[in-house]
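Structure first, then comments.
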Amino acid sequence: MLKSSPHLNRFLICMALFSSASTTFAQETILKVEIDPAITFQTIEGFGASDAWTCQFAGLWPAEKRNKMADLLFSTQTTKAGQPLGIGLNMWRFSIGGGSAAQGKASDIGDEWRRQYAFLQPDGTYDWNAMPGQMWFLNAAKKRGVNQFIGFVNSPHVLFTKNGKAYSTDGNCNLNFDKLPQFADYLAATIKGIKKTTGIELNYLSPANEPQWKWDEHKQEGCPYNNAELAQLYRGVNDALVKSQIKTKIQIGEAGQLDYLYDNGSRTKGNQVYQFFNAASPNYVGNLANVDQSISGHSYFTTSPEEKFIAVRKKTAEAVAQIKGLRYWMSEYCVLGDEVLKGEKRDLGMVTALFIARLIHHDLVISNATSWQWWLAVSAGDYKDGLVYIDKNKTDGQVYDSKLLWALGNYSRFISAGSKRLQVKTLGTDVPQVNVSSYLQNKKLVTVVVNPTENDLDLNMEVKGNQQRFVQTYVTSDQYNLSPYKQYQDTRHVRIPAKSVTTVISN
């Protein structure tokens, strides 16, 4: 048996270090991609979320806490160390309520957090102070640089529904079409009132949300429509906006799931791209003065299995491409029951964040979405539905950020409106679990890498005709919240940590 010696000990230590280094190297995956700035796809309009339900109370919390929520959602500022204070959303969805909150328990909507106030009161007068929480967030968004605002309607105001409620009794359309002119005038008056009160003129108005669902469970405001009813609604709202000389554009669609945009399976509620934007359709509204040349859908119930995930988004892109100049928005999503994630409970960690980052990638890259919008900006529930979470308390409590918030920020913070998506090709060995997309605005390149694997990634980015001389990465992972990570002088060896979403800024 050999005796121990200093020389032998040093040898054994060196071998151990070499073995450790070799193991680390073996676990590092190398991915080489080519980005071509000459081949561009859609122009990005922005990223957003909605104020629905929670903000009516959260906007009344103590100033320090509501400002923290607003900073997390909208801020483009950083600390002295370069840490972003927020994710820089540039779109904000304002819920134009159906008036169920004023009805209280008589609304039949049991959870008061899911009832909505409205400026229009039960006696037909307007109270511009009736929605102070939501209006606080609207102003806070504007103050922090948000410049695109969407008003959306879940249910017509109860004064204009058939049953006097903000939900359907029988699963059929609840709008009293005899009162469509009054309902449309109410929407126009709401747009004018918001502008007079805040200086904000809504850029877009979505008069109907997820019209394919029955909305008869009275758990929240909602109203079903078939395509013919929607066309009638859009025409009536267009007339009111034109009459009032309002520039706000009408946003068409808000389909409950993406296949309703192209699927012929439901003649009365599906195939909406054709129904509303093909001149041969009896429901054609694409030529109306205030109708925006965009159609929106929600990514619910289309994310698994993998074949469906990809196929639905390809078909969405193909359908939209049939109409010249038509843009596609993914305008609402949160995690519901069909997903591969286990359970619907709140998750502040990376499991949900990585899932959603990959979904955003597919919605942008496969279906060519020009805008991507989350459902609840602030949630008080025990669901995977929020970016920022709060205690379910109407006056005060704790504020919690989530990894999902920061992972969305890997896109929203850096891919500004006007950026163009670029072609990305994998060279050499593909890593199918890893998603890479790239965007160009002026001379700055923004590349987002979703790496859900257990291994660090050595990314070699080749930019055709344009050598990148300065590189800064921002990482969201278990350890980092959209944090500045590393700098490089070129893009040949960019470290992408395991189980992370990483944004690579280069020029």
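Values in this text are rule-based calculations from the coordinates and carry no lab data. Being a predicted model, the structure only gives us computed values, none of them experimental. Quick reminder, even Gly has a Cβ in these numbers, built from the backbone with ideal geometry, and neighbours come from all protein chains shown.
Note: relative contact order over the chain, using C-alpha pairs below 8 Å and six or more positions apart, is 18 percent. Placing +1 on the Cβ of every Lys and Arg and -1 on the Cβ of every Asp and Glu, with nothing else charged, gives region 370-507 a dipole about its Cα centre of roughly 640 debye. Among His362, His157, sorting on how many other beta-carbon atoms sit within 10 Å of each Cβ, with the fewest leading, yields His362, His157. Taking the charge dipole of the chain about its Cα centre, with +1 at Lys and Arg Cβ atoms and -1 at Asp and Glu Cβ atoms, the residue from Ala58, Asn172, Asn451 reaching farthest to the positive side is Asn451. Other residues with beta-carbon under 15 Å from the beta-carbon of Lys219 carry, at +1 per Lys or Arg and -1 per Asp or Glu, a net charge of -4.
Using the rule -39500 (n - 2.57) for each DSSP H run of four or more residues, divided by the residues of the chain, the 222 nm mean residue ellipticity is -8500 deg cm²/dmol. Near Gln42: Cβ cut-off under 15 Å, other residues only, Lys/Arg at +1 and Asp/Glu at -1. The net charge is +3. Annotation: amide H of Gln42 within the under-5 Å range of Arg421, sequence separation 5 or more or interchain, hydrogens built in the peptide plane. For region 218-232, putting each phi into the Karplus relation 6.51 cos²θ - 1.76 cosθ + 1.60 with θ = phi - 60° gives couplings of 6, 9, 6, 5, x, 8, x, 8, 8, 5, 5, 5, 4, 4, 5 Hz, in residue order, rounded to whole numbers and with x for Gly and Pro. With unit charges on the beta carbon (Lys/Arg positive, Asp/Glu negative), name the residue among Ile415, Asn209, Ser281 whose Cα is farthest towards the positive pole of the charge dipole of the chain. Result: Ile415, furthest along the dipole toward the positive end. For region 417-507, the calculated P(r), taken from all Cα-Cα distances in 10 Å bins from zero up to the bin holding the longest distance, is 17, 53, 29, 2 percent. Selection among Gly104, Thr198, Leu85 by position relative to the dipole of the chain gives Leu85 as farthest towards the positive end (Cβ unit charges, Cα centre). Per residue, the average separation of C-alpha pairs within less than 8 Å and at least 6 apart gives region 362-421 a relative contact order of 17 percent. Summing charges over all other residues whose Cβ lies under 13 Å from the Cβ of Ser500, with Lys and Arg as +1 and Asp and Glu as -1, gives +2.
Bridges between two residues of the chain, per DSSP, are antiparallel at a rate of about 55%.
Here region 227-252 and region 87-154 have alpha carbon centers that stand 20 Å from each other.
Exposure proxy ranking for Ile246, Ile496, based on other Cβ atoms within 10 angstrom of each Cβ and starting from the fewest, stands as Ile246, Ile496. Computed from point charges on the beta carbon alone (+1 for Lys and Arg, -1 for Asp and Glu), the dipole magnitude for region 46-414 about its Cα centre is near 880 Debye. As a rough footprinting exposure proxy, the listed residues Phe152, Phe355, Phe470 were ranked by other beta carbons within 10 Å of their own, and the order from fewest upward is Phe470, Phe355, Phe152. The H on the amide N of Arg327, modeled in the peptide plane, is under 5 Å from the matching H of Ser294, Ile295, each at least 5 residues off or on a different chain. Restricting the calculation to Cα atoms, the chain shows an Rg/Rh of 1.03 when the hydrodynamic-style radius is the Kirkwood one. A straight line joining the Cα centroids of region 182-212 and region 468-490 runs 41 Å. Residue-wise HN-Hα couplings along region 196-212, as the Karplus relation 6.51 cos²θ - 1.76 cosθ + 1.60 with θ = phi - 60° gives them from phi, are 5, 7, 10, x, 9, 9, 4, 6, 9, 10, 10, x, 8, 10, 6, x, 6 Hz; Gly and Pro carry x.
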